[in-house]
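Novice: I am attaching a structure below and will ask some questions about it afterwards.
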Amino acid sequence: MRDLHAASVTEGVAVSPDGSTVWFGSNDSGTVTVVDTKSWSVAATLRGFGMPYRVGISPDGSLAVICDPKDNKIHIADVRTRKVIGEVGSLGSPRGVKIAPDNRTVFVTLGRDNAVAAIDLVDHKVLWTVPVGTSPDGVGYGPLPR
């Protein structure tokens, strides 16, 4: 495997469900780099983020959600076009991200608010928030126990 310089100070990393791309958030440059895994090359660089801390890709591979705690918002990107198509702001330091199997609902931890928010990716609005422990970071999604 040969080296590829994609971005510096990467933290948010997501792999598309089909494995064709990897998305890297760069905390210091405020960019998200998309790497094509077949050619092992940079396919696109998205700019204009405060700090793209974490990245999540929907189960159907159509959307990427980029958490930006510096700007207190999430950015919603079209995976195919590699363009930001929306955002949801006024969030208290969004950090962890997990998109539900419906490909429409994203769960995001809010570090400043000590909460988890459910956000509608189509209507770009917060559906609800629930308090959790201090300074939440990662988030998961799973079936209800039987």
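Novice: For the range 114-146, which positions are acidic (Asp, Glu) and touching a residue at least 40 places away in the same chain (Cβ under 8 Å)?
Specialist: Asp137
Novice: Given Thr134, Thr129, which one is of a type in the set (Val, Ile, Thr), assigned to a loop (DSSP other than H, G, I, E, B) and over 16 Å from the mean Cα position of the chain (by Cα)?
Specialist: Answer to the selection: Thr134.
Novice: If you don't mind, there's one more thing I want to ask. Scan the range 1-44 residue by residue and report those that are more than 15 Å from the chain's Cα centre (by Cα) and among the β-branched types (Val, Ile, Thr). Break it down into steps so the answer makes sense when it comes.
Specialist: Kept after step one, since they are more than 15 Å from the chain's Cα centre (by Cα), are these residues of the range 1-44: 1-9, 18-20, 28-29, 35-44.
Listed by number, the residues that qualify are Val9, Val35, Thr37, Val42.
Novice: Here's something else I'd like to know. Please report, ordered by residue number, the strands (runs of 3 or more DSSP E) entirely within the range 18-80 with at least 2 residues that are open to solvent by less than 10 Å² (accessible area, probe 1.4 Å) and farther than 22 Å from Val139 by Cβ. Let's see the steps before the verdict.
Specialist: Values: elements: 21-26, 31-36, 41-46, 54-57, 63-68, 73-78.
Qualifying strands (runs of 3 or more DSSP E): 31-36.
Novice: Sticking with this one: Just give me the residues in the range 122-145 being closer than 14 Å to Ser93 by Cα and of a type in the set (Gly, Ala, Ser), in sequence order.
Specialist: Selection gives Ser135, Gly138.
Novice: Please enumerate the residues belonging to the range 85-121 that are open to solvent by 70 Å² or more (accessible area, probe 1.4 Å) and either part of a loop (DSSP other than H, G, I, E, B) or over 12 Å from Asp137 (Cα atoms) (or both).
Specialist: Within the range 85-121, the first condition is being open to solvent by 70 Å² or more (accessible area, probe 1.4 Å), and the residues that meet it are 85, 87, 90, 98, 101-102, 104, 112-113.
Those that are open to solvent by 70 Å² or more (accessible area, probe 1.4 Å) and either part of a loop (DSSP other than H, G, I, E, B) or over 12 Å from Asp137 (Cα atoms) (or both): Ile85, Glu87, Ser90, Pro101, Asp102, Arg104, Arg112, Asp113.
Novice: Quick one: is Leu4 surrounded by fewer than 17 Cβ atoms within 10 Å (Cβ to Cβ), in a loop (DSSP other than H, G, I, E, B) and of a type in the set (A, V, I, L, M, F, W, C)? Outline the logic, then answer.
Specialist: Working: surrounded by fewer than 17 Cβ atoms within 10 Å (Cβ to Cβ): yes; in a loop (DSSP other than H, G, I, E, B): yes; of a type in the set (A, V, I, L, M, F, W, C): yes.
Considered against the rule, which asks whether it is surrounded by fewer than 17 Cβ atoms within 10 Å (Cβ to Cβ), in a loop (DSSP other than H, G, I, E, B) and of a type in the set (A, V, I, L, M, F, W, C), Leu4 comes out as yes.
Novice: Anything in the range 19-55 that is free of Cβ contacts under 8 Å to residues at least 40 places away in the same chain and under 15 Å from Arg80 (Cβ atoms)? List them, or say none.
Specialist: Ser20, Asp36, Ala43, Ala44, Leu46
The values are calculated or read from the model by the stated rules, or taken from the named source; none is laboratory data. This structure is a prediction, so every number in the text was calculated from the model and none was measured. As a convention, Cβ positions derive from the backbone with ideal geometry for all residues, glycine included, and neighbour counts pool all protein chains shown. Heavy atoms of the whole protein, side chains included, go into the accessibility calculation; ligands, DNA and RNA do not. Shrake-Rupley method; radii C 1.70, N 1.55, O 1.52, S 1.80 Å.
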